[in-house]
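The values are calculated or read from the model by the stated rules, or taken from the named source; none is laboratory data. Just so it is clear, the model here is predicted, and its values are computed rather than measured. Every residue, glycine as well, gets a Cβ built from its backbone with ideal geometry; the counts of neighbours run over all protein chains shown.
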Amino acid sequence: MAKGDPGVTTRGRRAAPRAKRTAAAGDPELVQLLTPTGERVERAFGPDGTEYRVDFTDEEYRGLYRDLVLVRKLDAEATALQRQGELGLWASLLGQEAAQVGSGRALRGQDMAFPTYREHGVLYCRGIDPIMPLGLFRGVDQGGWDPNEFKFNMYTIVIGAQTLHATGYAMGVAMEGRTGGDDGEAVIAYFGDGATSQGDVNESFVWASVFNAPLVFFCQNNQYAISEPLERQTRVPLYRRAGGFGFPGVRVDGNDVLASYAVTRHALDSARHGQGPSLIEAYTYRMGAHTTSDDPTRYRIASEVEAWQAKDPIARMKAFLEKQQIADAGFFTEVDEQARTESVHLRERVLAMPDPEPVTMFDHVYPNGSPELDEQRARFSRYLESFEGSAH
Amino acid sequence: MATETLSIGKALNAGLRRALENDPKVVLMGEDIGKLGGVFRITDGLQKDFGDQRVIDTPLAESGIIGTAVGLAIRGFRPVCEIQFDGFVYPAYDQIVSQVAKMHYRSQGKVRIPMVIRIPFGGGIGAVEHHSESPEAYFAHTAGLKVVSCASPQDAYSMIQQAVASDDPIVFLEPKRRYWEKGPVELDAPLAEAYPLHSARVVRPGTDATVLAYGPMVRTCLDAATAAAEDGRELEVVDLRTLSPLDLSAAYESVRRTGRCVVVHEAPGNLGLGSEIAARITEECFYSLESPVLRVTGFDVPYPAARVEEEYLPDLDRVLDAVDRTFGW
């Protein structure tokens, strides 16, 4: 690719691989519908020639912007809560809002999502109360919601393990005959660039492929696995790995909410119609630390962060809305105000989360219980009660 | 009532067949379990009768088997996973310990993983390495898993059905060298009337010493008891059946009568189940004991080459030697 190629690409133009690739406007490997400066690209093509476009109403464009801002604000609030000692840890999504909002809004009601521990934006788009994962990070529970109630699995901390769960779930969807039409069900598995080195992720690629599971693998390539850069995980663009497993792969500009939506919606619809799995590599950047325990200044330079700052997902959406006169100053103020209100509300509720009673640690180990545990619980309760003035 | 003479392997096959018939959500998954019927033929004929959506030949990756089974369970299926040999379960260890075992706990009871993980375990078949191991302690040590082992055709038949019907995730250890041993099986007996899954059972009453065993060692201990009887010593043999949670009520009752206890397993002794059992019996039966609880186990070495496995495995003589030592303490 010569620098400065126009942003829209068509299939089969360029076959010669290059030694090093970067994501930029005009990169033929990157599906993009909104440039970093907020210019709309009418349509874009994937490596297999698939055409991607979106046709949103002004209301829907504003809705996506609202999602992006709210998700970033709630995330910032959680980071602040950790800094103030109210959360034990927080894994910020800063910089990845477009990949999460775009893919999250692409899900249909019947679709099922399997997140990592960073998909707060997808969770929000599923209509789930953002307080739910904060119990996990505060340490008052282990994130215990019902995946089937919200069509959103519990967060998974072990890297890549959830991709196999998503695959099995998707196999179940197919076995129940719930694919093959517009009302078919699809499943999405989230993971990061580091996870692509895990055996479980590669096994899930094999499984999904040979069982033709209705599954979308959504890899947010945020360039770092804690401190290790992408080069330590792969020598080929991640999306191209799909080819070796026998399903399509596409790289999308993960800072472009429109393209993230278009690519994910297409992949989900393909899966729900029984056309099997696909891999989306959302090319993005983790603007913050891996978690609040991390110090990214030790392993990456400021100029790299600044370069990505120029591709910010919210700034480009705002520029687009302004240029196209889809939103006015009053709208932006109103969204900021809503974000502030929701984050204050979130903070109040986090601070009000009670610590669990110690004896509840014995709850729910087994569906059918265990006489051994009953005995341990009883003994521990008696021990607690033996203290003078015990409230237990 | 139809009572048939079946091997443990055939009884497991019959039990799995019943489980597939009784619940359309039951699916079998594993390597070579379809057309081949499994390397030990435990699933023989089941894919032919129930189809390849219910009896699934999986790609060759154990973590994938267990991990996808977790997803199927979240979807509402009841997966029964076959791990081909004990020594091949370790690639799935993370999924079993971090995911299967914890899902119900983490979800505060909202997610159930009614999964059975069948593992042919133990030695004695002259196999090459990784085909003769006894990994029960790893799983019994993990909260959230239940672990059982069968030792007779009747138990094989009913326990596998009980395990499939249970909402708990269960590691089901099959005594591979006893697969071909035969015994009576009541095929039509209602499952609800079967002996409870998580209960130990006295399989030979006796008065002089208590011998505790499970899986392949139950037969060894029964043989030892027969030999001891010829010398005028009556051993009470308890088949533990459930390894997690342990059911030691029958053992306590027995040891309070006999005052002597020997625990037998193939797995290495160091931090094995025998250690936990000895500690509990000492705590519960302290004033009844005439000698310490002794353990007869595999040695603390990697499972040895097949030509010396008979020396590694506890046998009748080593069991009787331990019983003798409880009398000479």
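Among the candidates B:200, B:194, B:213, B:189, the residue that is surrounded by 14 or more Cβ atoms within 10 Å (Cβ to Cβ), over 20 Å from the mean Cα position of the chain (by Cα) and among the aliphatic types (A, V, I, L, M) is uniquely B:189.
So in region B:1-50, with the set limited to residues that are in a helix (DSSP H, G or I) and of a type in the set (A, V, I, L, M), which one is farthest from residue B:177 (Cα to Cα)? My answer is B:20.
So that you can scan it fast, the table gives a plain yes or no per residue for (1) more than 18 Å from residue A:225 (Cβ to Cβ); (2) charged (D, E, K, R):
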position: A:254; (1), (2): no, no
position: A:258; (1), (2): yes, no
position: A:274; (1), (2): yes, no
position: A:295; (1), (2): no, yes
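Considering only residues of region A:144-181 that are closer than 23 Å to residue A:225 by Cα and surrounded by fewer than 19 Cβ atoms within 10 Å (Cβ to Cβ), which is nearest to the other protein chains (Cβ to nearest Cβ)? Among those that are closer than 23 Å to residue A:225 by Cα and surrounded by fewer than 19 Cβ atoms within 10 Å (Cβ to Cβ), it is A:158. The sole residue among B:45, B:34, B:76, B:51 that is free of Cβ contacts under 8 Å to residues at least 24 places away in the same chain, farther than 23 Å from residue B:121 by Cβ and in the same structural domain as residue B:160 (by TED's automatic domain parsing) is B:51.
Take the conditions assigned by TED's automatic domain parsing to the domain that holds residue A:225 and either crowded, with 19+ Cβ neighbours inside 10 Å or of a type in the set (Gly, Ala, Ser) (or both) and apply them to residue A:136. Does it pass?
On the way: assigned by TED's automatic domain parsing to the domain that holds residue A:225: yes; either crowded, with 19+ Cβ neighbours inside 10 Å or of a type in the set (Gly, Ala, Ser) (or both): yes.
Criteria met by residue A:136.
Residue check, residue B:206 against (1) free of Cβ contacts under 8 Å to residues at least 24 places away in the same chain; (2) assigned to a loop (DSSP other than H, G, I, E, B), all met but one. Which one? If we test residue B:206 against (1) free of Cβ contacts under 8 Å to residues at least 24 places away in the same chain; (2) assigned to a loop (DSSP other than H, G, I, E, B), just (1) comes out false.
For region A:182-198, the tally of residues that are touching a helix residue (DSSP H, G or I) at 6+ places or on another chain (Cβ under 6 Å) and either within 8 Å of chain B (Cβ to nearest Cβ) or closer than 17 Å to residue A:239 by Cα (or both) stands at 5. Among A:336, A:269, A:294, which is modelled with pLDDT under 95, assigned by TED's automatic domain parsing to the domain that holds residue A:64 and either closer than 28 Å to residue A:202 by Cβ or not hydroxyl-bearing (Ser, Thr, Tyr) (or both)? Just a single option satisfies the conditions, and that option is A:294. Look at residue A:48 and say whether it is at pLDDT below 95, assigned by TED's automatic domain parsing to the domain that holds residue A:239 and assigned to a loop (DSSP other than H, G, I, E, B). Yes. Is it the case that some residue within region A:374-385 is within 14 Å of chain B (Cβ to nearest Cβ), within 30 Å of residue B:146 (Cα to Cα), among the small types (Gly, Ala, Ser) and surrounded by 11 or more Cβ atoms within 10 Å (Cβ to Cβ)? Within region A:374-385, none of the residues are within 14 Å of chain B (Cβ to nearest Cβ), within 30 Å of residue B:146 (Cα to Cα), among the small types (Gly, Ala, Ser) and surrounded by 11 or more Cβ atoms within 10 Å (Cβ to Cβ). Checked against (1) β-branched (Val, Ile, Thr); (2) within 14 Å of chain B (Cβ to nearest Cβ); (3) surrounded by 14 or more Cβ atoms within 10 Å (Cβ to Cβ), residue A:350 meets all criteria but (2). Among the residues of region A:215-234, just one is outside any strand (DSSP E or B) and crowded, with 22+ Cβ neighbours inside 10 Å, namely A:222.
The strands (runs of 3 or more DSSP E) located wholly in region B:228-287 that include 2 or more residues which are among the acidic types (Asp, Glu) occupy B:235-239.
Kindly provide the set of residues from region A:33-47 that are basic (Lys, Arg) and either touching a Cys at 6+ places or on another chain (Cβ under 7 Å) or touching a residue at least 40 places away in the same chain (Cβ under 8 Å) (or both), ordered by number. Full working, then the answer.
Taking region A:33-47 and keeping what is basic (Lys, Arg), we get A:40, A:43.
Scanning region A:33-47 gives a single hit, A:40.
Does residue A:256 satisfy being surrounded by fewer than 19 Cβ atoms within 10 Å (Cβ to Cβ) and out of contact with any Asp or Glu (no Cβ under 9 Å at 6 or more places or on another chain)? Full working, then the answer.
Values: surrounded by fewer than 19 Cβ atoms within 10 Å (Cβ to Cβ): no; out of contact with any Asp or Glu (no Cβ under 9 Å at 6 or more places or on another chain): yes.
No.
Listed by first and then second residue, the pairs linking a residue in region B:132-154 that is away from every other protein chain (no Cβ under 14 Å) to a residue that is among the aromatic types (Phe, Trp, Tyr), with Cβ atoms under 6 Å apart and 6 or more places separating them unless they lie on different chains, are B:132/B:303; B:133/B:303; B:134/B:121; B:149/B:214. For region A:235-249, the count of residues that are among the basic types (Lys, Arg), outside any strand (DSSP E or B) and in contact with a Ser or Thr (Cβ under 8 Å, 6 or more places away or on another chain) is at least one. Among the numbered conditions (1) over 21 Å from residue B:132 (Cα atoms); (2) buried (at least 19 other Cβ atoms within 10 Å of the Cβ), the only one that residue B:241 does not meet is (1).
Against the numbered list (1) touching a helix residue (DSSP H, G or I) at 6+ places or on another chain (Cβ under 6 Å); (2) facing chain A (nearest Cβ under 10 Å), residue B:81 comes up short only at (2). Residue count for region B:306-326 satisfying the condition of being over 19 Å from residue B:126 (Cβ atoms) and buried (at least 20 other Cβ atoms within 10 Å of the Cβ): 5.
Pick from A:143, A:172, A:109: which is at pLDDT 95 or above, more than 26 Å from residue A:238 (Cβ to Cβ), in the same structural domain as residue A:340 (by TED's automatic domain parsing) and not in a helix (DSSP H, G or I)? After applying the criteria, what remains is A:109. Please tell me if residue B:98 is outside any loop (DSSP other than H, G, I, E, B) and farther than 21 Å from residue A:145 by Cα. For residue B:98, the condition - outside any loop (DSSP other than H, G, I, E, B) and farther than 21 Å from residue A:145 by Cα - is not met.
Rundown of residues vs (1) of a type in the set (S, T, N, Q); (2) surrounded by 15 or more Cβ atoms within 10 Å (Cβ to Cβ), yes/no style:
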| site | (1), (2) |
| --- | --- |
| B:228 | no, yes |
| B:249 | yes, no |
| B:264 | no, yes |
| B:267 | no, yes |
| B:273 | no, yes |
| B:304 | no, yes |
| B:328 | no, no |
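Looking only at residues in region B:52-73 that are closer than 23 Å to residue A:112 by Cα and touching a Lys or Arg at 6+ places or on another chain (Cβ under 9 Å), the one that is nearest to the other protein chains (Cβ to nearest Cβ) is B:72.
With respect to residue A:356, is the statement that it is touching a residue at least 60 places away in the same chain (Cβ under 8 Å) and within 14 Å of chain B (Cβ to nearest Cβ) true?
Working: touching a residue at least 60 places away in the same chain (Cβ under 8 Å): yes; within 14 Å of chain B (Cβ to nearest Cβ): yes.
It is true that residue A:356 is touching a residue at least 60 places away in the same chain (Cβ under 8 Å) and within 14 Å of chain B (Cβ to nearest Cβ).
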